[in-house]
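The values are calculated or read from the model by the stated rules, or taken from the named source; none is laboratory data. Just so it is clear, the model here is predicted, and its values are computed rather than measured. In this analysis, Cβ positions are derived from the backbone assuming ideal geometry, glycine residues included, and neighbour counts consider all displayed protein chains. To get the accessible areas, we keep the full protein, side chains included, count just its heavy atoms, and leave off ligands, DNA and RNA. Shrake-Rupley method; radii C 1.70, N 1.55, O 1.52, S 1.80 Å.
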Amino acid sequence: MEMRDLEVHFDLRSSALARLLGSAGETVKAVDGVNVLLRRGEVLGLVGESGSGKTTLGRALLGLVRPTSGQIRYGADDLASLPQRRLRVLRRRLQMVFQDPHAALNPTMDLRTAIGHPLRIHGLVSSRAEARDRVIDALERVGLTPAHQFLDKLPAELSGGQKQRAVIARAIICGPELLVADEPISMLDMSVRAKILELMLDLKRELDLTYVYITHDLATAKFFCDRVAIMYLGRVVELGPTEEIFADPKHPYTRALLGAVPDPDPERRVPRDLPRGEIPDAAAPPHGCSFHPRCPLAFEPCGWEARDLRAMFERRWTRLGEDVFANEQPLVAALDDVKVGDGTARIRVPSNRQVSELAGLMEEAQAETPDDPLWRGVVGVETDDDTVVVRFHEGSDPGLLRSGGVDVACHLHDPRLRPEGAERRG
């Protein structure tokens, strides 16, 4: 299966007046230009924070979410453009294991009915006896034994681990080739998580399955996956063999994720270079590299803009307190009206005196924090009548580049752009 320039966008609701005037609302780019080749028999992990687009990408692979553009090549078919009638036939070979086993099973269906339902939908059995035998075989494969004792049980009579085993049994009963597992152990007790992962590995060997494993848990990804795709704001920022990514992460975001893994030894102090701030709004992603506002290694071409300047002042006020905020906020308030994504921030203030005050404030902030990555992206600060003009270096969106044995979307690994000392800083 191959994803080519795959995009899944969701339109946010706009007001009735905006629709009447023909104005378009905001768009969330949940998946934004993903190119990944999924090989037969492998386990591909999709790893990232909440909101990175992992689940949307997994659902798009099965046709549960319609792509906005791009292709999903599966044999001779493009799943992104197939009509529902043909997708339904393919769903025998493409199945999903959902995150919450409690919600994935109909509470009024016993396991005999719930697990055997796909057989009836796809017309794979000719009698109730044959269906019962297939259900028993699926239950035994997932470790719900003796199987006949589980046939008439309702989901409420099962533990969390047993429910997830039943969900997996339903997913494999039609003989699929691909399973998309959306955080299949996150809702389970710690005592049963490893058992479910071991079960999935056993099924992979027995049934020749291919997995897409969606998770934010790096420990299970390291144990379970052959390759890992690190996702951030709808994009794959690093892709490669699990062992290599964990041993030598290339992207600053991947390093931050690994640095956030808790250490079980309370006596050991591990240096952590965690990303600052929060994940940006997916409806208005940052210009250039989407990770640059949080990246400690960002430099000139990463895509600086006016809102990065605003974020710098907010960090300053957090550090210096309320009095400084009260004095400086009126000067900086004009930044809220500056166009997002523009390479030049033109900040209009009410008087010439305030122009010089704002320019001086920026010089003071730069002198206090000269190592802030923002200043690497500022070409210069000028004044023009009632306007302060901040010019940024031209930014660009990094594509996946080969670096060692992995693909990484980061300007630090582009030999045409890499700054002096980047290897040392990285």
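When the accessible area of the range 269-394 is computed with all protein chains present and a 1.4 Å probe, what percentage of it is carbon and sulfur?
48 percent
Quick one: 3J(HN,Hα) in Hz for the range 127-132, Karplus 6.51/-1.76/1.60 with θ = phi - 60°, rounded, Gly and Pro as x.
Each residue's phi maps through the Karplus curve to give 8, 5, 5, 5, 5, 4 Hz.
Of the peptides 47-56, 242-251, 354-363, how do they stack up when ordered by the mean number of other Cβ atoms within 10 Å, highest first?
Listed from highest to lowest mean packing, they are 47-56, 242-251, 354-363.
Once you wrap a convex hull around the alpha carbon atoms of the chain, what is its projected area averaged over all directions, in nm²?
Taking the Cα atoms of the chain, their convex hull projects to 26.7 nm² on average.
Show which lysines lie in cross-link reach of Lys222 when reach means a straight Cα distance below 18 angstrom and same-chain residues fewer than eight apart are skipped.
Lys54, Lys195, Lys204, Lys250
In the range 61-181, if the dipole is taken from +1 on Lys/Arg beta carbons and -1 on Asp/Glu beta carbons about the Cα centre, which of Met96, Val135, Leu124 is farthest to the positive end?
Leu124
Under unit Cβ charges (Lys, Arg +1; Asp, Glu -1), what dipole magnitude, rounded to 20 debye, does the chain have relative to its Cα centre?
Charge dipole, the chain, about its Cα centre: 2120 debye, nearest 20.
I'd like the antiparallel share, as a percent to the nearest 5, of DSSP beta bridges with both residues in the range 166-288.
55 percent
Assigning unit charges at the beta carbon (Lys, Arg +1; Asp, Glu -1) and nothing else, what dipole magnitude in debye, to the nearest 20, does the range 43-88 show about its Cα centre?
Computed about the Cα centre, the dipole is about 220 debye.
Would you mind telling me the antiparallel percentage of the DSSP bridges in the chain, rounded to 5?
65 percent
Going highest first, how would you order 326-332, 403-409 by mean Cβ packing within 10 Å?
403-409, 326-332
Which whole-number value in Å² is the accessible area per residue of the chain, probe 1.4 Å?
50 Å²
May I ask you to work out the translational diffusion coefficient for the range 314-391 at 25 °C, viscosity 0.890 mPa s, via Stokes-Einstein with Rh from the Kirkwood sum over Cα pairs, reported in whole µm²/s?
D, rounded to a whole number, is 187 µm²/s.
Only helical DSSP H runs with n ≥ 4 go in: add -39500 (n - 2.57) per run for the chain, normalise by residue count and round the 222 nm mean residue ellipticity to 500 deg cm²/dmol.
Mean residue ellipticity at 222 nm (helix-derived): -10500 deg cm²/dmol.
Kindly state, to the nearest 0.05, the FRET efficiency for Ala156 paired with Leu64, given R0 = 30 Å and r defined as their beta-carbon distance.
Step by step, r from the Cβ atoms, then E = 0.70.
Among 1-11, 132-142, what's the highest-first ranking by average C-beta atoms within 10 angstrom per residue?
132-142, 1-11
Could you give each residue of the range 230-245 its phi-based ³J(HN,Hα) in whole Hz, using Karplus coefficients 6.51, -1.76, 1.60 with θ = phi - 60°, and x for Gly or Pro?
Once θ is set to phi - 60°, the couplings for the range 230-245 become 7, 10, 8, 6, x, 10, 8, 9, 7, 9, x, x, 4, 4, 6, 5 Hz.
For the range 54-162, rounded, prolate or oblate, judged on the Cα gyration tensor with a ≥ b ≥ c (square roots of eigenvalues), a/c < 1.5 rounded, else prolate if a/b > b/c?
prolate
Shape call for the range 160-247 from the C-alpha gyration tensor, a ≥ b ≥ c root eigenvalues: rounded (a/c under 1.5), prolate (a/b greater than b/c) or oblate?
It comes out prolate by the Cα gyration axes.
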